[in-house]
Amino acid sequence: MAKLDAKIPNGPLAQKWTNHKNSLKLVSPANKKKMDIIMVGTGVAGAAAAASLGQMGYNVKVFCFQDSPRRAHSVAAQGGINATKNYRNDNDSVYRLFYDMIKGGDFRAREANVYRAAEVSSSIIDQLTAQGVPFAREYGGNLTTRSFGGVQVSRTFYAQGQTGQQVLLGSYSALKRQAAKGSVTMYERRQMLEIVTIDGKARGIICRNLVTGEMERHSAHAVVMATGGYGTIYFLSTLAVNSSGEAAYAAYKKGAFFANPSFIQIHPSCIPQLNEYQSKLTLMSESLRNDGRVWAPKAQGDKRKPNEIPVEERDYYLERRYPAFGNLVPRDIASRAAKERCDAGYGVGETGYAVYLDFSDAIKKQGKKVIENKYGNLFDLYEKITGESPYKMPMKIYPAGHYTMGGLWVDYNLMTTIPGLYAIGEANFSDHGANRLGASALMQGSGDGYFVLPITINDYLADEIQTPKISTDLPEFHDAENEAKARIEKLMNINGKTSPLAFHKKLGKIMWDRAGMARNAEGLKKGIEEINQLEDEFYKDLNITGSTDSMNQTLERALRVAASFEIARLIIYDALNRNESCGAHFREEYQTQDGEALRNDEEFSYVSVWEYQGNQKMPNLHKEDLVFEEVKVQQRSYK
Amino acid sequence: MKLTLKVWRQAGPKDKGQFETYQLDNASLDMTFLELMDALNEKLIAEGKDPVAFEHDCREGICGSCAMMVNGRPHGPGQEITTCQLNMKAFKDGETITVEPWRTNSFPVIKDLVVDRSSFEKIMEAGGFVNVEVGSAVDSNTYKVSKARADEAFDAAACIGCGACVAACKNSSAMLFVAAKVSQYALLPQGKTEGVQRAWNMLAKMDELGFGSCSNTGSCEAECPKGVSLSHIARLNREFIKAGFRKAGAEKL
Ligand SMILES: Cc1cc2nc3c(=O)[nH]c(=O)nc-3n(C[C@H](O)[C@H](O)[C@H](O)COP(=O)(O)OP(=O)(O)OC[C@H]3O[C@@H](n4cnc5c(N)ncnc54)[C@H](O)[C@@H]3O)c2cc1C
Ligand code: SF4
Ligand code: FES
C-alpha cells in the first residue's frame, strides 16, 4: 500500500510541524516565476492559498464558478473562527484546541494534522486583522471572543453573525491585491469538469466557460482543489445551492482516493423546512446556544404556544441528559437528541419536526440590549424568514446537513494520492475526524491556505523546476476534453421530461432517509438500490433545454447532479462498512442503552479510504490506521 | 396564488432582448421570490423551453449573487433585503410582476437577468485591500480600535457587492460600493496609512470604467440590501479631498 503514506513526521507531536518545515525543500524566487499553479476554488481556503502563492512569486491561475471569488460559499459562515490566543487567560492553549478537536471528532482524525491546525490558528487572526477584517472588539479596543459548542473556553473570534463573509472578504482582498500585481490570473464563471494527469501527475484541468459554453484547457505544474464540501447531497442543506462534490468527484474518478465520505455533519439549529418548494435551509448559528436554551414540551403532541407552557412542563433535554455541557454539547449530539425527541412525538411546529431554542431567560438576565448586540442580525434573519420575533417567541429549530468532514484523502503535506494534486479546506478530510467542532472550518481552511499549503507545496515543486511550461496540446488534454464533451453530449441527448432539479430533490430525499442522522444496514442497502434506480432513470428521462454554446444553467446543474450519484453511493458504502457509531456517523445497531453512540476502536480506529473502480461498482477500501501517540483514546462523554 | 410574470429575456449580450409574459398558477405565500423563479423555470423546462437565467447561490442574502429589478426596484419591494430574501407575502394574488436585470452600461447583460459585474472586480483590484504581506502581521491587539469604530467599520464591510446601488442610481454611480470599502479601511489603523491613495485609485478606476458620478440623491442607500450608509460617502469625500491634495503634491515630487 505504498500509495497511502501519510508522511507524518517523526518526533514529539509539538515539534512535528517545526521539524517538518525545516526539512522541506525550497524553490528559489527565480524558479517560482517559471512555475504555474492552478487553484480551483476561492473560498477561505482557495483565496488564502492563491494570495499566498502569488505573493511568493508563483503564477497562480484561480477558478470559481461564481462571477466573483467573493461569492464563494464560505461567505455564508456565521458564528466565528477559533484561535488559541488565550486572550482571556482561561487556560486555553494549542494543546487544548488540539484535544478538543480530536475528542470532538470522536478520535477519528489524524493527530499530527489536527495539532498543526491548532498551532497555526493564532497567526490566522493576526493575518486577517492586518488585512482589515473588522473582528468584534471590546470597549477597551481589544479583540473579543465567545465560546462555541463542545468546548469550555472562549476562543472564538467573530464579526457579528457574518464571520465567514468578513474572513472571506479579507482573503479576497489579498487575492485582488495579487491579481493587481499580475501574479494571480482570475478565471471566474468556470465549471471544472476534469483533472488532467500526465505520467501520473496532475498537470491541468478542463473546464467549461459558463458564459460562452466553450471548453477550456489549463495547464500547471501542480493543481489544488479548494472546492468545498458536498453537503448538498441531501438537496436541502445549509450550503449555498450550487455547492457540490462535483470537483472532488472528478479527482476521485481520476484516481485520488476519497476518505471517510460518510462523515457528514448535521447541524442542530436550522430553520425547519417551511414548504416543498424550498431550495435551502437557513442555519441559525451555534453561538446562539451560548444563551439560548433548547427544550421540547414534556407532554407528547403538546399544541400549546410555547409561552403558554409553564417551565415545569418543559423538558430542557440537553441540560437534563448532559449536565456538564448542557446546551453546549457538540453538534452531532445536539442533532441526534433533537431527532430523538421528535421521533418520540415530543416535537413542535406544524410537522412535529422542530424543537425550541429559547432566549427568554437570557433576555431576562442580561437585558434585550445585550442579546441584541450579540445576535441582532441572526434574530433579524430568523424573523425575515419565519415572520416571528425571537425576542418574543422561542425559535423553532431542526437539524440539517451542514458540513462534510469526509473528502479527498491527503497526506501531511495536503497532497492527494495523485502526485501534484492537493486538496485544502472542506474539500479534504484531514482535521475533523467524525465530527467538526464549531468555528474550526474557517480556521482549518484559512490555515491550510495561508500557512500550510504554501509551505508544503514547495517540496513537490522543487523537483519540478526542470519541467517547462506544460503544453495544453498534449494528447492527455485532448482526451480529457473529449471525455468532458462526451459527458455533456450524453446529457444533452437524453431529451427526456424531468429537470435536473427534480432529480436532485429525489436523490436528496433518499440520502436524508437512508444516510442522514441515523443509519442502519438494511436502510443503507436499500439506499444503494434506490440510487442506482434513480441514476438509471436520470439517464433515460433527463431534460435539458437550451444549447451548449452559451450560458445554460440547467446543464450546469445536470452535471453536478450526475456527479452526485457516485458520491451518494460512496457515502453509503462507507456508512455500511463502518459497523460502529462515531461522531456524526450513527448506526442504529451500535448504540448504548441510553442511546449514545457506541464506538468500536478495536476494529474501526482507521480512516476509510476509497479507490474508484468504475461507476456503480464497489470501490476498493484502503485503511489508514490511526495511531494516537499523544492522547489517550477515551469514550467521549459530555455528561 | 396566481401571478403574471413579465420577464426580460435576452439570449446574449448582442441580442436586443424583450419582455415575455408567463402565467404561474402554483405560487405560494411561503415561497421566496427565487423559489418562484425556480417554479417558473421548472414549468418552462417541462414545456421544452429555455428557462430564465438568473444568478443565485447562498439564498440567504450574503453572497451578493442574486440581482434583479423587481417591479422597478433593485431587489424588489422591502427594506434591506436581497432578492433571495424577498418573500411572496409582499405580493398580491393576481398581481403582474415585472422582472428585469440591473440596467446600467457598466454591467452589460450576459443573458436574461444575468449581468457582467466584473467592473466591480477591477475597482477592487485598483485598491480594495490593505498592502500587507502574508506572514508579516503583528499581534491583533497591537491595534486598538474602539468598539464604536470597529462597529462602524463592520457596517461598511457588510457590503455584499451586489450592485443594487448602481442599478438604483440615475447616474449609475458606484459611489456607495467604493465608499464602503474606502471607509472600512479608513476607520481602521491597519488601513488608514494608505487611505488617501486608496480613495484616489478606486475612484479613478470607477470613472475610467464609465460609472457616473455621485450627485447625492441617496437612492443607493435606500435600495442597499445591507443598509450601507451614505455617511460612508461623506467619509470618502473627506479622504478624496485629502487625496486631491496628496496627488497634487505627489506630482510635484
Ligand atoms: C451556513 C453555514 C455556516 C457556517 N458557519 C461556520 C462558522 O461559523 N465557522 C466555521 O468555522 N465554519 C462555518 N461553516 C463551514 C465553513 O463555512 C466551510 O466549511 C468553509 O467556508 C469551506 O471553505 P472552502 O474554502 O473549503 O470552500 P468553499 O467556500 O465552499 O468554496 C468552494 C469554492 O470552490 C469553487 N468550486 C467548487 N466546485 C467547482 C467546480 N466544479 N468548478 C469551479 N469551481 C468550483 C467554488 O466556486 C468556490 O469558490 C459554515 C457553513 C455553513 C454552510
Ligand atoms: S453598497 Fe449595498 S447595494 Fe451597493 S454593492 Fe454593496 S451591498 Fe450592494
Ligand atoms: S443568493 Fe446570495 S445574496 Fe441572494
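The single residue among A:Glu629, A:Glu566, A:Glu537 that is surrounded by fewer than 19 Cβ atoms within 10 Å (Cβ to Cβ) and not in a loop (DSSP other than H, G, I, E, B) turns out to be A:Glu537. Restricting the range B:189-214 to residues that are outside any helix (DSSP H, G or I) and surrounded by fewer than 24 Cβ atoms within 10 Å (Cβ to Cβ), the residue that is nearest to ligand 1 (Cβ to nearest atom) is B:Leu209.
Of the residues A:Leu501, A:Leu507, the single one that is in a helix (DSSP H, G or I), in contact (Cβ under 8 Å) with a residue 40 or more places away in the chain and more than 25 Å from A:Asn209 (Cα to Cα) is A:Leu507.
Selection of the range A:168-187 for residues being more than 7 Å from every other protein chain (Cβ to nearest Cβ) and closer than 16 Å to A:Ser74 by Cβ yields A:Leu168, A:Gly170, A:Ser171, A:Tyr172, A:Leu175.
Listed here are the residues, each with its yes/no results for (1) away from ligand 2 (no atom under 13 Å from the Cβ); (2) hydrophobic (A, V, I, L, M, F, W, C); (3) assigned to a loop (DSSP other than H, G, I, E, B).
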| position | (1), (2), (3) |
| --- | --- |
| B:Phe54 | yes, yes, yes |
| B:Gln79 | no, no, yes |
| B:Lys89 | yes, no, no |
| B:Gly94 | yes, no, yes |
| B:Thr98 | yes, no, no |
| B:Thr104 | no, no, yes |
| B:Met124 | no, yes, no |
| B:Glu133 | yes, no, yes |
| B:Val138 | yes, yes, yes |
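Let's see how each residue does on (1) modelled with pLDDT of 95 or more; (2) touching a Pro at 6+ places or on another chain (Cβ under 6 Å):
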| position | (1), (2) |
| --- | --- |
| A:Leu534 | yes, no |
| A:Glu537 | yes, no |
| A:Val561 | yes, yes |
| A:Phe565 | yes, no |
| A:Ala575 | yes, no |
| A:Asn579 | yes, no |
| A:Arg587 | yes, no |
| A:Gln593 | no, no |
| A:Ser605 | yes, no |
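If the condition is being over 25 Å from B:Ser118 (Cα atoms) and either surrounded by 24 or more Cβ atoms within 10 Å (Cβ to Cβ) or more than 7 Å from every other protein chain (Cβ to nearest Cβ) (or both), then the range B:47-70 contributes only B:Glu47. A Cβ distance below 7 Å, combined with a sequence gap of six or more or placement on separate chains, defines the contacts here; from the range B:202-213, residues that are assigned by TED's automatic domain parsing to the domain that holds B:Gly163 and among the small types (Gly, Ala, Ser) reach no residue that is surrounded by fewer than 20 Cβ atoms within 10 Å (Cβ to Cβ) and in a strand (DSSP E or B).
For the range B:126-144, the condition holds for at least one residue, the condition being that it is assigned by TED's automatic domain parsing to the domain that holds B:Glu208, away from ligand 1 (no atom under 16 Å from the Cβ), closer than 26 Å to B:Ser219 by Cα and buried (at least 23 other Cβ atoms within 10 Å of the Cβ). The single condition among (1) assigned to a loop (DSSP other than H, G, I, E, B); (2) crowded, with 24+ Cβ neighbours inside 10 Å; (3) within 12 Å of chain B (Cβ to nearest Cβ) that A:Thr232 does not meet is (1). For B:Ala27, indicate whether it is of a type in the set (Gly, Ala, Ser) and either part of a loop (DSSP other than H, G, I, E, B) or within 15 Å of ligand 3 (Cβ to nearest atom) (or both). Yes; evaluated as a whole, the condition is true for this residue. Here's a check for you: in the range B:142-187, which residue that is among the basic types (Lys, Arg) and outside any helix (DSSP H, G or I) is farthest from ligand 2 (Cβ to nearest atom)? Result: B:Lys144. Is it true that some residue in the range A:426-437 is in a helix (DSSP H, G or I) and away from chain B (no Cβ under 14 Å)? Within the range A:426-437, one or more residues are in a helix (DSSP H, G or I) and away from chain B (no Cβ under 14 Å). For the range A:249-286, which residues satisfy the criterion of being within 16 Å of ligand 3 (Cβ to nearest atom) and small (Gly, Ala, Ser)? Within the range A:249-286, A:Ser279 is the sole residue that qualifies. Does A:Val44 satisfy being within 14 Å of chain B (Cβ to nearest Cβ), in contact (Cβ under 8 Å) with a residue 12 or more places away in the chain, more than 30 Å from A:Asn620 (Cα to Cα) and not small (Gly, Ala, Ser)? Considered against the rule, which asks whether it is within 14 Å of chain B (Cβ to nearest Cβ), in contact (Cβ under 8 Å) with a residue 12 or more places away in the chain, more than 30 Å from A:Asn620 (Cα to Cα) and not small (Gly, Ala, Ser), A:Val44 comes out as yes. Helices (runs of 4 or more DSSP H) fully within the range A:79-152 that include at least 1 residues being under 24 Å from A:Leu626 (Cα atoms) and within 14 Å of another protein chain (Cβ to nearest Cβ): A:121-130. If the condition is being within 16 Å of ligand 3 (Cβ to nearest atom) and more than 30 Å from A:Asp36 (Cβ to Cβ), then the range A:220-238 contributes A:Thr232, A:Leu236, A:Ser237, A:Thr238. Of all the criteria given as (1) in a strand (DSSP E or B); (2) touching a helix residue (DSSP H, G or I) at 6+ places or on another chain (Cβ under 7 Å); (3) basic (Lys, Arg), the one not satisfied by A:Lys396 is (2).
Is it true that some residue in the range A:457-464 is in contact (Cβ under 8 Å) with a residue 60 or more places away in the chain, under 16 Å from the mean Cα position of the chain (by Cα), farther than 23 Å from A:Leu168 by Cα and in the same structural domain as A:Leu239 (by TED's automatic domain parsing)? Checked against the condition, which is being in contact (Cβ under 8 Å) with a residue 60 or more places away in the chain, under 16 Å from the mean Cα position of the chain (by Cα), farther than 23 Å from A:Leu168 by Cα and in the same structural domain as A:Leu239 (by TED's automatic domain parsing), the range A:457-464 yields no hits at all. Scanning the range A:368-384 turns up one or more residues that are assigned by TED's automatic domain parsing to the domain that holds A:Leu328 and in contact with a strand residue (DSSP E or B) (Cβ under 7 Å, 6 or more places away or on another chain). Residues satisfying the criterion are present in the range B:154-174 (criterion: touching a residue at least 60 places away in the same chain (Cβ under 8 Å), polar (S, T, N, Q) and either away from ligand 3 (no atom under 16 Å from the Cβ) or under 30 Å from B:Trp8 (Cβ atoms) (or both)). Look through the range A:549-590, keep the residues that are more than 14 Å from chain B (Cβ to nearest Cβ) and among the small types (Gly, Ala, Ser), and return whichever of them is farthest from A:Ser262 (Cα to Cα). The residue in question is A:Ala562. Taken over the range A:257-306, the criterion of being surrounded by 24 or more Cβ atoms within 10 Å (Cβ to Cβ), among the aromatic types (Phe, Trp, Tyr) and outside any strand (DSSP E or B) is satisfied by A:Phe257, A:Phe263. Just one of the listed residues (A:Lys176, A:Lys201) is modelled with pLDDT of 95 or more and surrounded by fewer than 19 Cβ atoms within 10 Å (Cβ to Cβ), namely A:Lys201. Taking first residues from the range B:78-98 that are within 16 Å of ligand 1 (Cβ to nearest atom) and partners that are part of a strand (DSSP E or B), the Cβ contacts under 7 Å between residues at least 6 apart in sequence or on separate chains come to B:Cys84/B:Thr32; B:Gln85/B:Thr32. A count restricted to the range B:7-22 and to residues that are in a strand (DSSP E or B) and over 23 Å from the mean Cα position of the chain (by Cα) stands at 5.
One residue alone among B:Leu86, B:Leu44, B:Leu40 is away from ligand 3 (no atom under 16 Å from the Cβ) and either more than 8 Å from chain A (Cβ to nearest Cβ) or of a type in the set (Asp, Glu) (or both), and that residue is B:Leu40.
The values are calculated or read from the model by the stated rules, or taken from the named source; none is laboratory data. Only a predicted model underlies this, so the values are computations on that prediction, with no experimental measurement involved. Note that each Cβ is placed from the backbone with ideal geometry, even for glycine, and that neighbours are counted across all protein chains shown.
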